1. Which condition does LYS160 not pass, out of (1) charged (D, E, K, R); (2) open to solvent by 70 Å² or more (accessible area, probe 1.4 Å); (3) within 16 Å of the ligand (Cβ to nearest atom), if it passes all the others?
2. Please determine, by comparing only the residues of the range 153-183 that are without any contact (Cβ under 8 Å) to a residue 24 or more places away in the chain and assigned to a helix (DSSP H, G or I), which one is nearest to THR115 (Cα to Cα).
3. Taking the condition of being assigned to a helix (DSSP H, G or I) and either of a type in the set (Gly, Ala, Ser) or open to solvent by 50 Å² or more (accessible area, probe 1.4 Å) (or both), how many residues in the range 73-86 meet it?
4. Consider TYR40 carefully, then state whether it is more than 14 Å from the chain's Cα centre (by Cα), closer than 22 Å to ASP87 by Cβ and hydroxyl-bearing (Ser, Thr, Tyr).
5. What tally of residues in the range 94-118 results from selecting those that are open to solvent by less than 30 Å² (accessible area, probe 1.4 Å) and in contact with a helix residue (DSSP H, G or I) (Cβ under 7 Å, 6 or more places away or on another chain)?
6. Looking at this structure, is LEU89 assigned to a loop (DSSP other than H, G, I, E, B) and open to solvent by less than 30 Å² (accessible area, probe 1.4 Å)?
7. Could you grab me the full set of residues in the range 127-148 that are without any contact (Cβ under 8 Å) to a residue 60 or more places away in the chain, open to solvent by 50 Å² or more (accessible area, probe 1.4 Å) and in a helix (DSSP H, G or I)?
8. Within the range 103-130, which residues are within 13 Å of the ligand (Cβ to nearest atom) and charged (D, E, K, R)?
Amino acid sequence: MPANPPSPMLLALRESTRDCHKALEARLPFFSPRFDEAAYRRLLQAYYGVHAALEHLLGVYQEPERRKAHILARDLRALGLSDADIDALPLCQALPSAADEACVLGVMYVVEGSTLGGQVLKRAMAERLGIGQEGGGAFLDVYGELTGSYWRSFLDRLGKASGAQATTVQAAIDTFSCFQAWLEQRNVLNECSGGQPEGQA
Ligand code: HEM
């Protein structure tokens, strides 16, 4: 069956967050030459801090099957962290607004969209670091073979959004900023020039 044409809301989200995505992707260290398992573990710890916080923020406005923090916790345990270590991880405090459906959709666009890029990263981490589903790579393929259908069902919800496009777009931009600022603060991003994060030389 042919895919539905993108809704005006999706087109607006893509257009307004293209640069945010590019900027974040360029600073994430997955493809850096010296990226190793220790760096991957530090990156996942930082991911946990933002995903667990956003999940809490979205609360009941997101379907329970879209929760991802427990999968990140599973990966962190596979990489050697204890439950106590995971409970002690810092959580991002500066979060976007999720005051209404228009905001929730913007936040979810970013978090759900990141599962698409996860497909690329899953293959890369398996090849480059030998990290597979059971060994710390489950989050990168969090929905497995359902990735496409989860994305399409999110797009259905997005397509039903009644107006407030500017609010949704702003929430998505704020969510990208939230990721970028948090990962920066946790010192897991590459320098702007494409070098390694501090402490990883
Ligand atoms: C190095 C890391 C990343 C890579 C290589 C990457 C790559 C990709 C790719 C290839 C797609 C398009 C998939 C498709 O059309 O089937 C995509 C979509 C997307 N990614 Fe990323 N991504 C990365 C990180 C992230 C992060 C950290 C976020 C959010 C915090 C994010 C948010 C999104 C969103 C929202 C979309 C959906 C765009 C749309 O179709 O409207 N990505 N990414």
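1. In the conditions (1) charged (D, E, K, R); (2) open to solvent by 70 Å² or more (accessible area, probe 1.4 Å); (3) within 16 Å of the ligand (Cβ to nearest atom), LYS160 misses (3) alone.
2. Filtering first and then ranking leaves SER153.
3. 7
4. yes
5. Residues flagged as open to solvent by less than 30 Å² (accessible area, probe 1.4 Å) and in contact with a helix residue (DSSP H, G or I) (Cβ under 7 Å, 6 or more places away or on another chain) within the range 94-118 amount to 15.
6. yes
7. GLU127, GLN133, GLU134, GLU145, LEU146 - these are the residues of the range 127-148 that are without any contact (Cβ under 8 Å) to a residue 60 or more places away in the chain, open to solvent by 50 Å² or more (accessible area, probe 1.4 Å) and in a helix (DSSP H, G or I).
8. Result: GLU112, LYS122, ARG123, ARG128.
The values are calculated or read from the model by the stated rules, or taken from the named source; none is laboratory data. Note that the structure is predicted; figures quoted are calculated from it, not measured. Here Cβ is always computed from backbone atoms with ideal geometry, including for glycine, and neighbour counts include all displayed protein chains. Note: accessible area is taken over every heavy atom of the protein model, side chains too, but ligands, DNA and RNA are not part of it. Shrake-Rupley method; radii C 1.70, N 1.55, O 1.52, S 1.80 Å.
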